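For reference, the structure I am asking about is given below.
Laboratory data are not the source of any read-out in this text; all were calculated from the coordinates shown. Fair warning: this is a prediction, and the values are worked out from it, not measured in the lab. Cβ atoms come from the backbone with ideal geometry, glycine included; neighbour counts cover every protein chain shown.
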Amino acid sequence: MTITITAFERSPDGGQGMARDMRVCWALEEVGQPYGVRLLSFKAMKEPAHLALHPFGQIPTYQEGDLALFESGAIVFHIAERHAGLLPDDANARARAITWMFAALNTVEPPIVDREVAEYLEDETWYEQRLPFIDERIRKRLGELSGRLGNADWLDGAFSAGDLLMVTVLRRLEGSGILEEYPNLTAYVARGKARPAYKRAFVAQLAVFTAAPPA
């Protein structure tokens with residue numbers, strides 16, 4: 001069965017790989033699975049056909065035969081379980097890799113997303129007041145993550161789905177100046193972006209944005 005995922009017709013990030021379909025594309029590239037991408041406008045994301053796949057009207061979704069999934073973390077987990085390359089064979093190492101997947105999305109990402117929401121959606125005065133507190137939360141998490149990573153290349157031995165999700169989460173801080181305060185995390189993200197599978201997924205997403213008509 002052909003795998004089809006959904007993505008923004010014209011990504012708000014300018015095709016820089018910040019949209020969450022990037023995680024899914026990267027995972028599929030890592031395990032060598034072909035896939036198609038169905039592009040959606042913001043209007044189409046809220047229409048019944050898409051809401052049947054994603055009840056919250058977001059992207060990405062994943063379809064393969066009769067199987068339809070939503071939520072990028074769940075989709076990456078499904079891909080990692082179905083295909084070799086993203087989860088270790090050893091049971092304990094596999095469990096730790098899955099733990100890092102949850103940590104990336106449930107512990108590290110929330111304050112980073114809060115920062116984005118505050119920046120783009122809140123009143124300027126309120127944003128200026130909140131920003132120091134949000135950044136403090138982010139720095140606390142990054143400090144803990146940096147200490148755990150140390151001088152290692154990856155979070156727990158070989159590259160895994162945990163690293164894939166963590167790198168995509170940390171990338172959301174690029175340009176803020178915060179990530180650069182932690183040299184080992186900056187190098188960690190660079191290693192993820194240097195992987196051939198990441199590069200293929202990034203080029204494909206950028207090509208979609210470049211080809212799309214102006215909003």
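Can you give me the long-range amide H partners of residue 3? Hydrogens built in the peptide plane at 1.01 Å from N, cutoff under 5 Å, separation of 5 or more residues or another chain.
Sorted by chain and number, the residues that satisfy this are 36.
Continuing with this model, one more query. Through the Karplus equation 6.51 cos²θ - 1.76 cosθ + 1.60, θ set to phi - 60°, convert the phi angles of the stretch 169-176 into ³J(HN,Hα) values in whole Hz; use x for Gly and Pro.
Along the stretch 169-176, the couplings run 5, 5, 4, 5, 8, 4, x, 7 Hz.
Count charges around residue 195 for me, please; just the other residues with Cβ under 10 Å from its Cβ, Lys/Arg as +1, Asp/Glu as -1.
Taking every other residue near residue 195 into account, the sum is +1.
Pick from 117, 37, 167: which is most flexible by mean-square fluctuation in a GNM of the chain where alpha carbon atoms under 10 Å apart are linked?
117
Determine ³J(HN,Hα), in whole Hz, for all residues of the stretch 45-57 in sequence, where each value follows from phi through the Karplus function 6.51 cos²θ - 1.76 cosθ + 1.60 and θ = phi - 60°; x replaces Gly and Pro.
5, 9, 8, x, 4, 7, 4, 5, 8, 10, x, 9, x
Here is a further query. Of all chymotrypsin sites (Phe, Trp or Tyr not before Pro) in the stretch 38-117, which ones are in loop regions per DSSP and have a Cβ with at most 16 other Cβ atoms within 10 Å?
When the chymotrypsin sites (Phe, Trp or Tyr not before Pro) of the stretch 38-117 are filtered for loop state and at most 16 Cβ neighbours within 10 Å, 56 remain.
Report which label in (1) 23; (2) 30; (3) 36 holds the value of percent of Cα pairs over 28 Å apart derived from the coordinates of this structure.
(2)
Sum up the charges of everything whose Cβ sits under 9 Å from the Cβ of residue 5, counting Lys and Arg as +1 and Asp and Glu as -1, but leave residue 5 out.
Spelling it out: positives minus negatives among the neighbours equals 0.
Using a cut-off of under 18 Å, list every residue of the stretch 87-104 whose amide N is near the label point 7 Å from the Cα of residue 176 along the Cα-to-beta-carbon line.
Label zone hits: 103-104.
Using θ = phi - 60° and the Karplus curve 6.51 cos²θ - 1.76 cosθ + 1.60, what whole-Hz ³J(HN,Hα) does each residue of the stretch 10-27 get, with Gly and Pro shown as x?
9, 5, x, 8, x, x, 8, x, 8, 5, 6, 5, 4, 4, 5, 4, 4, 4
Here is a further query. Considering the options 15, 203, 56, tell which one lies farthest towards the positive end of the dipole of the chain, charges being +1 on Lys and Arg and -1 on Asp and Glu at the Cβ, about the Cα centre.
203
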